[in-house]
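Reading through the structure tokens given below for one structure.
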Amino acid sequence: ILATSLKLDNYYNLFALSSMPPDTAFSVLDHQGIRLAQLPTKDSLLVGTPVQPLAWAQYLTQMDGHSHHTGRDGVRRYYFSRQVRLKPDGPPYMVFTVGIPESHTLAKADSITLSYLLWLALAAFVSLGASYFIGNRGFVRPLLALSDTTQKLARGEYTASTGLDRISGPIGGVA
């Protein structure tokens, strides 16, 4: 028979030294889903109380698992768990969990998405401006000049000129 003991205060000290985001949850659970250690410590999450049945079922499904649910404290988190077993094929006798707040996890992705959207808007604005400039100089102005010259010729001004001598292509050929 082998007996061992754990000093759970060491886990609290280790958690305090880590650089986890605010509202991160850490738990040490026994083989029945009872909290042996819990951070943050809140009245609704007292040591000695069981975790939610749905969460416990998810922690038992895999050796290394993850889930996404709202904790008893009302904070929605991504939870990651690790089972500790005496034998590889035996049931877990302890489960360690860490829950990172969803808001913190998604904040980085949201800021990246926002920056991409701003760059996209800038690119669209530059593209539209360039299209307007090129279209106006290359198509609209020459066509307006041709239309104006055609109207002058229709009125009998046979000396009318488009002034488009330097344009090549179909519009330059007509001019």
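Give me the mean projected area, in nm² to one decimal, of the convex hull enclosing the Cα positions of the stretch 63-175. Intermediate results must be reported in sequence, preceding the final value.
Numbers: hull surface 62.1 nm².
Averaging across all directions leaves 15.5 nm² for the Cα convex hull.
Among D73, D23, the order of accessible area from largest down is D23, D73, computed with a 1.4 Å probe on protein heavy atoms. The per residue volume of the convex hull around the alpha-carbon atoms of the stretch 42-106 is 86 Å³. Computed over protein heavy atoms with a 1.4 angstrom probe, the accessible surface ordering of H31, H69, largest first, is H31, H69. Extension gain, S103-A123: 0.36 nm per intervening residue step, less the Cα-Cα distance, totals 4.2 nm.
The values are calculated or read from the model by the stated rules, or taken from the named source; none is laboratory data. Small disclaimer: the values here were computed from a predicted structure and weren't measured. Heavy atoms of the whole protein, side chains included, go into the accessibility calculation; ligands, DNA and RNA do not. Shrake-Rupley method; radii C 1.70, N 1.55, O 1.52, S 1.80 Å.
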